[in-house]
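Student: Have a look at this one before I ask anything.
No value in this document is a laboratory result; all are computed from the given coordinates. Nothing here was measured: the structure is a model prediction, and the numbers come from that model. Cβ atoms come from the backbone with ideal geometry, glycine included; neighbour counts cover every protein chain shown.
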Amino acid sequence: MTIPFKLHNVVKRYQEREVLNADHLEIPAGKIYTVLGPNGSGKTTLLRILALLLVNDAGSLEVLGEKVNWSKNQLLKLRRQMAMVTQTSYMFQGTVYYNVAYGLRKRRVPEREIRRQVEKTLEMVGMSAYRDADARTLSGGERQKAAIARALILKPQVLFLDEPTSNIDMASAAEIEKHILTINQNWGTTIIMVTHNLFQARRLADEVIFLHEGHIIEKGPGSQIFDQPQDERTAAFLRGETVF
């Protein structure tokens, strides 16, 4: 099994405050990972460093088989193999079709192929009926599905999800969870997801990464972490005794 992410002593500081200190982390390909932890534990910081959107202050980082040197050419190459969806995904002015096609147009894919792929991807996430709708008038759930389609059409090896269902209704969240599972099972896409929803994490996670005060406290199979956490800080969090 390939290991697309390896971190060793990765540190990130904001001014004098250390927000992440990951001594060691390896993330093998093809699984769904959920990143859990209290507010301020470094979850989004870890996600953004893995996605090469934030530069670490110390330590070494290996992404998709390459030691990251943060050069422009390397970043372009690696970022093109990954995609991210956030909790309030930005929509460009224009239709849903325009938004989903955007990445392929930037890569100069022929228009006929763009049409084929957009229609296929919109169908996958249940958004075919919204093809010509103004993307900025979508509901929260529709917007998230459009954002996922926009990411998926690029066929990323890795999909990062930062609280993708936190601002939408339960029915839309359930639909998005279904799509997350389908993407992983059918395409083998590695999915790394930050969530505050412990029920969602339990439903989706092959593996759980638990952070506390910027440190990786536990990493292991979801069933093990939820049923038999090895660290009291993890157990306290899962019991709801620490701040979300």
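Student: Test of understanding: given the chain, find the longest segment containing no GluC sites (Glu not before Pro) that are in a DSSP loop and have at most 15 other Cβ atoms within 10 Å.
Tutor: No qualifying site falls inside 17-212, the longest such stretch.
Student: If you place +1 on the Cβ of every Lys and Arg and -1 on the Cβ of every Asp and Glu, how big does the dipole about the Cα centre of the range 97-244 come out, in debye to the nearest 20?
Tutor: With Lys and Arg at +1 and Asp and Glu at -1, about 960 debye.
Student: Let's test the formula: R0 of 22 Å, r as the Cβ-Cβ distance of residue 72 and residue 109. What FRET efficiency results, to the nearest 0.05?
Tutor: Efficiency, rounded to the nearest 0.05: 0.45.
Student: If each residue's Cβ is checked for other Cβ atoms within 10 Å, how do 96, 55 rank with the fewest at the top?
Tutor: 55, 96
Student: Determine by what factor the alpha-carbon radius of gyration of the range 26-100 differs from 2.2 N^0.38 Å, reporting the quotient.
Tutor: The value comes to 1.30.
Student: Once you have all Cα-Cα distances for the chain, histogram them in 10 Å bins from zero and send the whole-percent values.
Tutor: With a bin width of 10 Å, the distribution comes to 7, 31, 35, 21, 6, 0.
Student: Average projected area of the Cα convex hull of the range 104-244, in nm²?
Tutor: With every direction weighted equally, the projected area is 10.0 nm².
Student: Picking from 179, 45, 14, whose Cα lies most toward the positive end of the charge dipole for the range 5-238 (charges on Cβ: Lys, Arg +1; Asp, Glu -1)?
Tutor: Positive-end residue among those listed: 179.
Student: Follow-up. Looking at the square roots a ≥ b ≥ c of the eigenvalues of the Cα gyration tensor of the range 5-56, which shape do they give, rounded for a/c under 1.5, prolate if a/b is larger than b/c, or oblate?
Tutor: prolate
Student: Using DSSP, restrict attention to beta bridges with both residues in the chain and report what percent are antiparallel, rounded to the nearest 5.
Tutor: Here the share of antiparallel DSSP bridges comes out near 60 percent.
Student: Please list, by residue number, every one of the trypsin sites (Lys or Arg not before Pro) in the range 206-244 that is coil in DSSP and has at most 16 other beta-carbon atoms within 10 Å.
Tutor: Listed in order of number, the matching sites are 239.
Student: Using the number of other C-beta atoms within 10 angstrom as an exposure proxy, rank 89, 128 with the fewest first.
Tutor: Ascending number of Cβ neighbours within 10 Å: 128, 89.
Student: Right, next: Please turn the phi angles of the range 96-112 into ³J(HN,Hα) values with the Karplus equation 6.51 cos²θ - 1.76 cosθ + 1.60 (θ = phi - 60°), one per residue in order, whole Hz, x for glycine and proline.
Tutor: Computed from phi, the couplings for the range 96-112 are 4, 4, 4, 5, 5, 7, 3, x, 5, 5, 5, 8, 6, 6, x, 4, 4 Hz.
Student: Which residue, chosen from 99, 125, 114, occupies the Cα position most advanced towards the positive end of the dipole of the range 94-135, where the dipole is computed from +1 (Lys, Arg) and -1 (Asp, Glu) charges on Cβ about the Cα centre?
Tutor: Result: 114.
Student: Compute the separation of the alpha-carbon centres of the range 179-244 and the range 26-83 and state it in Å as a whole number.
Tutor: Each part reduced to its Cα centre gives a spacing of 17 Å.
Student: Sticking with this structure for a sec: Restricting everything to alpha-carbon atoms, can you work out Rg to Rh for the range 1-126 with a Kirkwood hydrodynamic radius?
Tutor: My calculation puts Rg/Rh at 1.02.
Student: Taking neighbour counts of Cβ atoms within 10 Å as a proxy for exposure, in what order, fewest first, do 72, 120 appear?
Tutor: With the sparsest Cβ surroundings first, the list reads 72, 120.
Student: I need the Kirkwood Rh of the range 181-244: take the reciprocal of the average 1/r across all distinct C-alpha pairs and report it in angstrom.
Tutor: 12.5
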